[in-house]
Amino acid sequence: MLQNKDSFFEHSESDNINFDSILATVIVKDFQEGLSETLLYKRTKSYLLKSEDLFRALDRIGLNEDIVILNFGVNLEYLSSSLKTKEFSNGKYRNVDIYQFERSHRVSDSLFILRKSDLPNITTMDIDQETITKYSLSRISNHIKLFLSLIDLNQTSAEVYNENKMNRTDDELRKSVLISIFITLQIKWKKSIELIQFEEYSDYFQTGIINKLEDVKPIPTYIE
């Protein structure tokens, strides 16, 4: 991502809001998009439910300490308040952990219920040495393979300079820095898992037949 280099001077006449976190925010969003897409591929059941039925549907699923909930955009705090649901507190429902994610292009207003033992394994992959050299990348984490660089386009190779030129003038490029963050994530799921989606019905966005509470079945007994 190119940005005006003035933002990086201690005493600058101009500044860009969140200049130091914009690219990281984009990467996090991309990861959530990828994760949500894999959830759709792995789900085994899906229910379309009215807002007021979501907590009762969770009760029917058979919650216990081995279960976890992934929340993509459902406002559980508002629902809990409006329905006076005392079992929801401190971001948990009946002491079941709930992990919050923003809506994605593929998934919105949905809860995914699965066993903790069936959560995916997420690892970081190697970045090839050619890319590390080209963008002068430095590894900034000892735990994951996360690389970063900040390049003044006045002091870089012709290859990097030209690939960022596009429709920009040389004057614009001379006033810019190239921020690079490289991370490659791999998401691995078990072949056979039980993954249930509760999608919150909306009069404005969803179409389809709304499920009744009686349609919601408990998670089957897990067999190794």
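Laid out as a table, the results:
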item: Residue in the range 58-70 that is within 17 Å of residue 104 (Cβ to Cβ) and surrounded by 15 or more Cβ atoms within 10 Å (Cβ to Cβ) present; result: yes
item: Pairs, first in contact (Cβ under 8 Å) with a residue 40 or more places away in the chain in the range 113-137, second loosely packed, with under 11 Cβ neighbours inside 10 Å and assigned to a strand (DSSP E or B), C-beta under 8 Å, six or more apart; result: 120/188; 121/188; 122/186; 122/188; 123/186; 123/188; 124/186; 125/186
item: Residue match in the range 84-92 (condition: under 27 Å from residue 34 (Cα atoms) and surrounded by 11 or more Cβ atoms within 10 Å (Cβ to Cβ)); result: yes
item: Criterion violated by residue 106 - all others in (1) in a loop (DSSP other than H, G, I, E, B); (2) free of Cβ contacts under 8 Å to residues at least 40 places away in the same chain; (3) surrounded by 13 or more Cβ atoms within 10 Å (Cβ to Cβ) satisfied; result: (2)
item: Residue list for the range 96-111, filter: at pLDDT below 95 and either of a type in the set (A, V, I, L, M) or over 23 Å from the mean Cα position of the chain (by Cα) (or both); result: 107
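Residues are listed down the side, and each one gets a yes or a no for (1) at pLDDT 95 or above; (2) surrounded by 12 or more Cβ atoms within 10 Å (Cβ to Cβ); (3) within 22 Å of the chain's Cα centre (by Cα):
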{"position": "128", "(1), (2), (3)": "yes, no, no"}
{"position": "132", "(1), (2), (3)": "yes, yes, no"}
{"position": "137", "(1), (2), (3)": "yes, yes, no"}
{"position": "162", "(1), (2), (3)": "no, no, no"}
{"position": "166", "(1), (2), (3)": "no, no, no"}
{"position": "180", "(1), (2), (3)": "no, yes, yes"}
{"position": "209", "(1), (2), (3)": "no, no, no"}
{"position": "215", "(1), (2), (3)": "yes, yes, no"}
{"position": "221", "(1), (2), (3)": "no, no, no"}
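The values are calculated or read from the model by the stated rules, or taken from the named source; none is laboratory data. The shown structure was predicted, so the numbers you read here are calculated from the model rather than taken from an experiment. Every residue, glycine among them, receives a Cβ derived from its backbone with ideal geometry; neighbour counts consider all protein chains shown.
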